[in-house]
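A.B. asks: Take a look at the following structure, please.
Just so you know, all these numbers are worked out from the coordinates, no wet-lab data involved. Because the structure is predicted, anything quoted here is derived from the model rather than measured. Here the Cβ positions follow ideal geometry from the backbone for every residue, glycine too, while neighbour counts run over all protein chains shown.
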Amino acid sequence: MSANVERIKIRHIRMDILTPSIRLARWSSNWSIVGSHMVCTRCMSGQAPEKALLPFPHAKRCELFGADYLFPWRTLSLIVSPSAPETDQR
Ligand SMILES: [Zn+2]
């Protein structure tokens, strides 16, 4: 298992022990829903919900460009419905 995958697993474990409101507050420091699009608050790139299974199209120099911030729709889904099946994970 690569160090990057291990880091993601650790982050998910930490997310699990936080309350939903704290998880949502942390998530919203990086993301915003504008109309129907997910928008990165750092690079202002957007993604429609029908493209949620594709990696988020951050700008090349965005500080959130990386494995931890590629599937914000999935992260939001887990925050609001933590027991939902994780069938959309990649
Ligand atoms: Zn970005």
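A.B. asks: Calculate one ³J(HN,Hα) per residue across the stretch 43-56 by plugging θ = phi - 60° into the Karplus curve 6.51 cos²θ - 1.76 cosθ + 1.60, and present them in order as whole Hz with x for glycine and proline.
C.D. replies: These are the phi-based 3J(HN,Hα) values: 10, 6, 6, x, 8, 6, x, 5, 10, 4, 7, 8, x, 5 Hz.
A.B. asks: If you stretched the chain out fully between Val80 and Val34, how much longer would it get, using 0.36 nm times the residue separation minus the C-alpha to C-alpha distance?
C.D. replies: Length gained, Val80 through Val34: 14.8 nm.
A.B. asks: Can you sort His37, His58 so the residue with the fewest Cβ neighbours within 10 Å comes first?
C.D. replies: Going from sparsest to densest Cβ surroundings: His37, His58.
A.B. asks: Shifting gears a bit: What FRET efficiency comes out for Met44 versus Ala67 if R0 is 22 angstrom and r is the Cβ-Cβ distance? Round to the nearest 0.05.
C.D. replies: Efficiency, from the Cβ-Cβ distance: 0.60.
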